[in-house]
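Here is the structure we will look at, set down as structure tokens.
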Amino acid sequence: MGERYLGASGRTGRLVVQRALARGDAVRALVRSPAKLAITHPALEVVAGDASDAGAVARAVDGCDVVVSALGPVPGHSAICSTAAAHVTAAGARRYVAISGAGIDVPGDDKDIAGKVVSWLVRLLSPSAFRDKVLEHERLAASDVPWTLVRVPRLVDRPGNGAPVWGLVRSPGASLAREDLAEFVLRAVDDDALIRKAPFVAS
Ligand SMILES: NC(=O)c1ccc[n+]([C@@H]2O[C@H](COP(=O)([O-])OP(=O)(O)OC[C@H]3O[C@@H](n4cnc5c(N)ncnc54)[C@H](OP(=O)(O)O)[C@@H]3O)[C@@H](O)[C@H]2O)c1
């Protein structure tokens, strides 16, 4: 299997790459700073490039089975998730799994009060990241690419419990270990029942 990872040098991206390699996937990681990834493996190809560059994304997506994005907003790139979604869909990816936030609403949600407060707070406190994630979902929903958006609450770096819980209409918890997120992302890659869905995941 040929896989591609965008945002691979981030805190979650690195864990996803490690787990993918451990389960035997061939991985190509598109990263801005190869030295930052700090993983070497015979099945890992690291490509230097920017996910806001349509050409770099198209070259990375070409010929792969699945594209996974753990991209997140960094200073100067507040629209990176929606931009990457546009490039990945234009490149005709066969499968796309990306990470979004529990504060994003999609049709079919039935959030409880706590979930609605989270959405309100994210919109208020991180308006550009909120707009980016909303636009990312809109672009994917309008595309023919089989996508999954994994919606997450506050991410933490404690050890995972190995059994993340998930649901389709509201978040099952208020935090998620990045290790558990990495595990769920790879599960979503293989689960066609999650295509065109935006599951909430928590530890
Ligand atoms: N933290 C939370 O509590 C929380 C809550 C809800 C949702 N999320 C979402 O969860 C996801 C993962 O979060 P995280 O904290 O693990 O991520 P992170 O550590 O902040 O990593 C973000 C990654 O995106 C990469 N990136 C940004 N712009 C890029 C570009 N133009 N080209 C290539 N790479 C680019 C960064 O690359 P560099 O290494 O080169 O900077 C980095 O590897 C994100 O989508 C985030 O929005 C997080």
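The values are calculated or read from the model by the stated rules, or taken from the named source; none is laboratory data. Computed from a predicted model, the values in this text were never measured in an experiment. Positions of Cβ are generated from backbone atoms using ideal geometry, with glycine treated the same way; all protein chains shown enter the neighbour counts. Protein only, heavy atoms only, side chains kept; ligands, DNA and RNA dropped before computing areas. Shrake-Rupley method; radii C 1.70, N 1.55, O 1.52, S 1.80 Å.
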Scanning region 142-180 for residues that are within 11 Å of the ligand (Cβ to nearest atom), of a type in the set (S, T, N, Q) and in a loop (DSSP other than H, G, I, E, B) gives Ser171
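Identify, please: which residue in region 72-97 is within 7 Å of the ligand (Cβ to nearest atom) and crowded, with 22+ Cβ neighbours inside 10 Å and is, among those, nearest to Glu136 (Cα to Cα)? Before you say what the answer is, go through the steps one by one.
As a first pass, look at region 72-97 and keep what is within 7 Å of the ligand (Cβ to nearest atom): 72-74, 77, 80-81.
Filter once more, keeping what is crowded, with 22+ Cβ neighbours inside 10 Å: 80-81.
Numbers: Ile80: 9, Cys81: 6 Å.
It comes out as Cys81.
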With the first residue restricted to region 33-52 and required to be within 11 Å of the ligand (Cβ to nearest atom), and the second required to be open to solvent by 80 Å² or more (accessible area, probe 1.4 Å) and of a type in the set (Lys, Arg), Cβ contacts under 9 Å at 6 or more apart or on different chains are Val47/Arg59; Ala48/Arg32; Gly49/Arg32; Gly49/Arg59; Asp50/Arg32; Ala51/Arg32
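Please indicate, with yes or no, whether at least one residue in region 54-72 is more than 14 Å from the chain's Cα centre (by Cα), part of a strand (DSSP E or B) and under 19 Å from Arg11 (Cα atoms). Reasoning before the result, please.
Taking region 54-72 first, the residues more than 14 Å from the chain's Cα centre (by Cα) are 54-65.
Checking the rest, the ones that are also part of a strand (DSSP E or B) come to none.
No - not one qualifying residue is present in region 54-72.
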Report every pair of residues separated by at least 6 positions or lying on different chains whose Cβ atoms are under 6 Å apart, first residue within region 152-163 and closer than 10 Å to Asp180 by Cβ, second modelled with pLDDT under 95 and of a type outside the set (Val, Ile, Thr). Asn161/Ser203
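Name the residue, out of Val16, Val117, Val88, that is at pLDDT 95 or above, assigned to a helix (DSSP H, G or I), over 18 Å from the mean Cα position of the chain (by Cα) and among the aliphatic types (A, V, I, L, M). Before you say what the answer is, go through the steps one by one.
Details: Val16 fails: over 18 Å from the mean Cα position of the chain (by Cα); Val88 fails: over 18 Å from the mean Cα position of the chain (by Cα).
Only one candidate passes the filter, namely Val117.
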Within region 53-71, which residues are at pLDDT 95 or above, more than 10 Å from the ligand (Cβ to nearest atom) and of a type outside the set (A, V, I, L, M)? Gly55
The lone condition Ala29 fails out of (1) at pLDDT 95 or above; (2) open to solvent by less than 20 Å² (accessible area, probe 1.4 Å); (3) within 11 Å of the ligand (Cβ to nearest atom) is (1)
Consider region 128-177. How many of its residues are open to solvent by 30 Å² or more (accessible area, probe 1.4 Å) and β-branched (Val, Ile, Thr)? 3
